[in-house]
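First the structure, in the form of structure tokens, and then the observations on it.
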């Protein structure tokens, strides 16, 4: 792993030493490079695909993709398949503050990570891809902390209905101990510039410090035991994860709106945090009435009928919750 950058390394303090000891203990007698994925599991990163393909995988009924972009390292975003664990569907899009793939020991491009942040089984409580990447400014402002190694996917879509939904899971290596000690890795989903990734029935953003064994535990699934990462048996490297949750936002039918998803480390670049986004779950519901559709055909200049460039974005509305 390359030396830390100035300022960032100063924040690591004792935690880096503790993580180093833990990693040495867990990998003693074996190559720390990387875990072997369970049979059938696969990840395709942006080394081999592109942001439009990620967006197309996400979008479901009554939604059209217009544009997509990603900010971060290529190994931080991609498609996953057959990564079934808990109640979460087995395919979709993943974004991580680490790497979605195991490192290639022969590659000079893979010196900042060792193992995949998501491919099971869970073989380490301290999986870390410290990529030296920049943070995400809107995410930093939202959570009130400096962010690092941000992975950000932005998708411009045109919904046909008045409501836009996106189903996700948040998982992290911080859950083994650090989630209760102030290391809140950052995550958010925005629709039209307004956050919508809330703990169900609240105005609290979903994060490792707001959904865990002690807080909002109904939405939390553990995947480790002390000193035994494989004790529980969910087939993923993540130490714990949320149940599937859904961002729900009110939008204007047929007007383009940007959906932005970001995940990042805070305080330091240690320990990976990952969001899994369900295939076809970026969908629109509550279609306009037949009368509304008829009026748009007669009077296409009405503000809620246009899907052209320059129209106003949708406005985020109801808080996130369990999928429905």
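The values are calculated or read from the model by the stated rules, or taken from the named source; none is laboratory data. Bear in mind the structure is a predicted one, so any value in this text is a computation, not a measurement. Note that we place each Cβ from the backbone using ideal geometry, even for glycine, and neighbour counts take in every protein chain shown.
Of all residues in the stretch 238-251, exactly one satisfies the criterion of being more than 19 Å from the chain's Cα centre (by Cα) and not in a loop (DSSP other than H, G, I, E, B), namely 250. In the stretch 181-196, the qualifying residues are those that are assigned to a loop (DSSP other than H, G, I, E, B) and buried (at least 24 other Cβ atoms within 10 Å of the Cβ), and the one that is modelled with the lowest pLDDT is 185. Any residue that is in contact (Cβ under 8 Å) with a residue 12 or more places away in the chain, touching a strand residue (DSSP E or B) at 6+ places or on another chain (Cβ under 8 Å), assigned to a strand (DSSP E or B) and within 21 Å of residue 281 (Cβ to Cβ) - is there at least one of those in the stretch 211-225? Yes: the stretch 211-225 contains one or more residues that are in contact (Cβ under 8 Å) with a residue 12 or more places away in the chain, touching a strand residue (DSSP E or B) at 6+ places or on another chain (Cβ under 8 Å), assigned to a strand (DSSP E or B) and within 21 Å of residue 281 (Cβ to Cβ).
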